[in-house]
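Throughout, read-outs are computed from the coordinates displayed, never taken from laboratory work. Everything numeric here is computed off the predicted structure, so don't read it as measured data. Note that each Cβ is placed from the backbone with ideal geometry, even for glycine, and that neighbours are counted across all protein chains shown.
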Amino acid sequence: MTNNNPDFTTSILVEQTPKEVFDAINNVSGWWSGEIEGNPDKLGAEFTYQYGDIHQSTQKVTEFVPAKKIVWHVIDAYLSFVEKKDEWKGTDIIFEINEKNGKTELVFTHRGLVPPFACYGTCSNAWETLVQKNLRNFIITAKDQADAFVG
């Protein structure tokens, strides 16, 4: 994370193809623990995520470029553990896929998840685990990782 970009960002590098990475991201229930309704498999699709009474959000797919880029715009959100319950509303969850030295790099950015947010510490730690551990392992093994991390 650089000073001129306060949005939360993390990246991984894997041996799998850009298409395999893209397909894994779109199988949200394979790496993001909680209840997921809907399928983010095309431009304009909407899906909801819920983890108990702690986190509920609705995302709309606003960019969908196979093997290259996915953007989920958070159209509604509720976080029970912060004062401003809808901090995520209006933010974008971005997955950018690039070939890099014969491997595939995934750059994950939650645009709008910035240090002034009350949930920044908790949410950035959760995303770090979800991307660096769950999603990475799901891409590599194709085995469900959703129960590996709660949050």
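Details
- Cα centroid separation - the stretch 49-70 against the stretch 91-128, whole Å: 13
- Taking a ≥ b ≥ c as the square roots of the Cα gyration tensor eigenvalues, the stretch 1-130 comes out oblate, since a/c reaches at least 1.5 and a/b does not exceed b/c.
- Applying a DSSP loop filter and a limit of 14 other Cβ atoms within 10 Å to the GluC sites (Glu not before Pro) in the stretch 1-100 leaves E15, E83.
- Average 1/r across all pairs of distinct alpha carbons in the stretch 56-133, invert it, and you get the Kirkwood radius: 13.5 Å.
- Cβ-defined net charge surrounding I97, 14 Å radius [Lys, Arg +1; Asp, Glu -1]: -1
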